[in-house]
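Notes for the one structure printed next.
The values are calculated or read from the model by the stated rules, or taken from the named source; none is laboratory data. The structure displayed is predicted, hence computed values, not measured ones. Don't worry about glycine lacking a Cβ; one is built from the backbone with ideal geometry, like all the others, and counts go over all protein chains shown. Ligands, DNA and RNA are stripped out before the accessible areas are found, and what is left, the full protein with its side chains, is counted by its heavy atoms. Shrake-Rupley method; radii C 1.70, N 1.55, O 1.52, S 1.80 Å.
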Amino acid sequence: MTKEELLEKANSLPLAPGVYLMHGKDGSVIYVGKAKKLKNRVSQYFQAGRGHNLKTQTMVSLVDTFDTIIVGSEFEALVLENALIKQYMPRYNILLKDDKGYPFVRLSRESYRKFSIVSRVESDGARYFGPYGGRLETRSALDAIRNALRLPTCGKKFPRDIGKERPCLNHHMGRCDGFCRPEMTREEYERRIELAEQLLEGKVRLVTARLEREMNEAAEDLRFEEAAALRDRIQAIKVLGKKQKVIAGVCADTDVWGLYLEAKCCYAVLHYEEGQLTGREAELFTASALDDPGEILSALLLQYYGGRSALPGEVYLPAEIEDQEVLEQLLTEKAGHKVRLRVPQRGDRAHVLALAEANAREEAERQTSSQERSDRTLDLLGKLMGLEEAPSLLESYDISNTGSEDIVASMVVFHGSRPAKDRYRRFRIKGLEGHPDDYKSMEEVLTRRFTHYMEQDKKFMPLPDVLLIDGGEQHAMVARRVTERFGLAIPIFGMVKDDRHRTRALVTPEGREIGIKANQAVFSLIGRIQEETHRFAITYNRQSHGKSVRGSTLDEIPGVGAARRNALLKHFKSVKAVREATVQELEKVVPKNTAAAVYLWAHPAPGEE
């Protein structure tokens, strides 16, 4: 279908809640979305001038048709959208890692139920908790729960092995209450398993309160040994609650979310229990057609908490989400307790939000290679410049002079974000007389550069993707005239400095300024190019000026040629030191008659200067 036909179809949709599925030309589902009002939402994709981001524009360009499913409420739309995303895995939706990459804790159905760690959920009637973090960390956490409740960790099977052998070493070390002994009942075993379930559901305080009641009852009944055992169990669970850093949600009453949406997209979730940070999760996620942080958060929350068995009481978010009440309702029903979504604006809560964002940024940057960062920066630079493709070869020029003489120019080349020093070139300006003229100097340099190219000089090939000229609009116009004279079409931009001599913007030959300070990566890259171009020009100017000064002084002395001049400079290091040398010191370097001539030159008689 054409864009016009798609818009016409969208305008015929009802103002009702529902889910829409965008299909590509091969019939595959490339995007799934939800809407309060299908007509308004879907028609936005096909309206001209909506200002969609690049990902959305790309997605829309691939849409051949779309389907919709009308539902009874926003809540139903939210649930259906999540189910369809899991079913179709559309390329333009946010997609978190498949749960199969994470471990689950499985509780079997047998008479003496046992915990184990598995890779996926099966339809076997067992109860599953998770998904959790790494397998090793999850095993350590599960062992900590077993030890706190003194549940068996050995390979014995119950009731088969009850009373057959003496208890193992774990019992004698106080890590297990020896359920292989006949005096330990199945009812007590099941009670401990139920406590472990509650801990895996995140009900640490509920379990602690229950055991404290039992401890107090035992103490009142003078069952001091039992009360002491319960006391130790309570203490172990409290320690578990404070030290647990692995299983997301088990010990969290507050989750704090951070987002990073740059070269790589990443979320971070900090888990807090009673104000104490107990764990962190951070994960990259695939890009989507969404460009609003609130919509991105909504999609992430649904997928993140949708497959988890324990949910916190509060979730702090860095941005407002449109369907907050509906999502709260869904998470509350799943958790079995009230779940509140909040967007803190100030105070300690805002501080922990900033901490979560810093964690997301750090994780994304850690997993982003320098090449990926460079590619991202060049891509952004290309977009700012209005180029169809990101530039990979950038050529920059600067003029340096000390008055009307010693005018030089530098040509610096960057391949991507790295300087290509083997391609640097230096020019001495030859065609100027009188006062310096930066515009004519630039014209001469670029004319010579492109003449070399036209003559197939390999040192000046290939042509750059972009020309950067140290200067403003007039400098860029000079460069444009030169390239047009050679019949070349190269994008040209002047580098405009601020009062601190930093490049604050780029400017076209037509005078259009392009601000770069808003994007730190681009600002840094252009700044480095400008500084390197200036440094290379200044260095060459100083070298050139030094040679001209040396040649105009020592070369005037009778008997001092190039060889003796170089010998004097090599020994004394500077013209000033030659002037200050005694005849005896000079005679160590040059013959006596030459030493006398140098000394007389350095110490002229009065009136001879």
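Which number in (1) within 20 Å of Thr377 (Cβ to Cβ); (2) surrounded by 14 or more Cβ atoms within 10 Å (Cβ to Cβ); (3) out of contact with any strand residue (DSSP E or B) (no Cβ under 8 Å at 6 or more places or on another chain) marks the one condition that Glu443 misses? Exception for Glu443: condition (1).
The criterion of at least 1 residues that are more than 48 Å from the chain's Cα centre (by Cα) is met by the following helices (runs of 4 or more DSSP H) wholly inside the stretch 110-218: 169-172, 186-200.
Being closer than 25 Å to Val478 by Cβ, basic (Lys, Arg), modelled with pLDDT of 85 or more and out of contact with any Lys or Arg (no Cβ under 9 Å at 6 or more places or on another chain) narrows it down to one residue among Arg418, Arg426; which is it?
Working: Arg418 fails: closer than 25 Å to Val478 by Cβ.
Exactly one of Arg418, Arg426 is closer than 25 Å to Val478 by Cβ, basic (Lys, Arg), modelled with pLDDT of 85 or more and out of contact with any Lys or Arg (no Cβ under 9 Å at 6 or more places or on another chain), namely Arg426.
Looking only at residues of the stretch 36-59 that are modelled with pLDDT under 90 and of a type in the set (A, V, I, L, M), we find that the one that is surrounded by the most Cβ atoms within 10 Å (Cβ to Cβ) is Met59.
Just one of (1) open to solvent by less than 20 Å² (accessible area, probe 1.4 Å); (2) in contact with a helix residue (DSSP H, G or I) (Cβ under 8 Å, 6 or more places away or on another chain); (3) not in a loop (DSSP other than H, G, I, E, B) fails for Gly527. It is (2).
Look through the stretch 274-320, keep the residues that are at pLDDT 80 or above and in contact with a Lys or Arg (Cβ under 6 Å, 6 or more places away or on another chain), and return whichever of them is nearest to Arg205 (Cα to Cα). For the stretch 274-320, the residue satisfying everything is Glu314.
Every listed requirement among (1) out of contact with any Leu (no Cβ under 9 Å at 6 or more places or on another chain); (2) free of Cβ contacts under 8 Å to residues at least 60 places away in the same chain is met by Tyr45 save one, (1).
Taking Leu330 as the residue in question, decide whether it is under 25 Å from Ala35 (Cα atoms) and in a helix (DSSP H, G or I). It would help to see each step written out before you state the result.
Numbers: under 25 Å from Ala35 (Cα atoms): yes; in a helix (DSSP H, G or I): yes.
The answer is yes for Leu330.
For the stretch 199-209, a residue qualifies if it is at pLDDT below 80 and of a type outside the set (S, T, N, Q), and the qualifying residues are Leu199, Leu200, Glu201, Gly202, Lys203, Val204, Arg205, Leu206, Val207. For the stretch 463-519, taking the residues that are touching a residue at least 60 places away in the same chain (Cβ under 8 Å), under 28 Å from the mean Cα position of the chain (by Cα) and not in a strand (DSSP E or B), the one that is farthest from Tyr439 (Cα to Cα) is identified as Asn519. Among residues of the stretch 63-90 that are surrounded by 15 or more Cβ atoms within 10 Å (Cβ to Cβ), those with a Cβ under 7 angstrom from a residue that is among the hydroxyl-bearing types (Ser, Thr, Tyr) and modelled with pLDDT of 90 or more, sequence gap 6+ or separate chain, pair up as Phe66/Tyr20; Thr68/Tyr20; Pro90/Tyr31. Scanning the stretch 182-224 for residues that are of a type in the set (Lys, Arg) and open to solvent by 60 Å² or more (accessible area, probe 1.4 Å) gives Arg186, Lys203, Arg205, Arg213, Arg223. Considering only residues that are farther than 23 Å from Leu261 by Cβ, touching a residue at least 40 places away in the same chain (Cβ under 8 Å) and within 29 Å of the chain's Cα centre (by Cα), which ones fall in the stretch 314-343? Within the stretch 314-343, just Glu314 meets the criteria.
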